[in-house]
Amino acid sequence: MQLPVQVTFKNMEAAPAVEAKIREKAAKLDRFYDRIMGCHVVVEAPHRHHRKGRAYRVRIVLTVPGRDVEVTREGPENPAHADILVAVRDAFDAAKRRLQDHARALRGQVKVHEAPAHGRI
């Protein structure tokens, strides 16, 4: 990664253990695509007025040549995201898959289906 990872915490105090885990997982993304120029991770705690659990929201924006790869994992979709480390893990797993898809498309390894025949013989 060309630039350091930016980690932002919203509606919560910065947690050094969570930030260390985020930096560790971001460093591993270079294995899947080595031209990552930047990574910005936003970890957001829900507002205090939620009635069911504290599901965290994690948003990752990876800057690669030509575009940004963005992943958002919301808490209400998955009740396991009440644990911040699970939410971070799921977001980075999704970012890894999107990055692999982007690299595959750039290499031209995307499967193309045959066009249907236009006439009858």
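The values are calculated or read from the model by the stated rules, or taken from the named source; none is laboratory data. All values reported here derive from a predicted model rather than from experimental measurement. Neighbour counts are summed over all protein chains in view; Cβ atoms, including those assigned to glycine, are modelled from backbone coordinates with ideal geometry. What goes into the accessible areas is simple: the full protein's heavy atoms, side chains included, and nothing from ligands, DNA or RNA. Shrake-Rupley method; radii C 1.70, N 1.55, O 1.52, S 1.80 Å.
Observations
- Residue within the range 37-55 that is over 24 Å from ARG107 (Cα atoms), open to solvent by 40 Å² or more (accessible area, probe 1.4 Å), acidic (Asp, Glu) and modelled with pLDDT under 85 present: no
- Residue, surrounded by the most Cβ atoms within 10 Å (Cβ to Cβ), within the range 64-121, restricted to residues that are among the basic types (Lys, Arg), over 26 Å from VAL18 (Cβ atoms) and at pLDDT 80 or above: ARG104
- The numbered conditions (1) open to solvent by 60 Å² or more (accessible area, probe 1.4 Å); (2) at pLDDT below 90; (3) not in a helix (DSSP H, G or I) are all true for ARG59 except (2).
- Where a residue in the range 11-27 is more than 17 Å from MET1 (Cα to Cα) and its partner, wherever it lies, is of a type in the set (A, V, I, L, M, F, W, C) and part of a helix (DSSP H, G or I), with Cβ under 9 Å and at least six apart: MET12/ILE84; ALA15/ILE84; ALA17/LEU85; VAL18/ILE84; VAL18/LEU85; VAL18/VAL88
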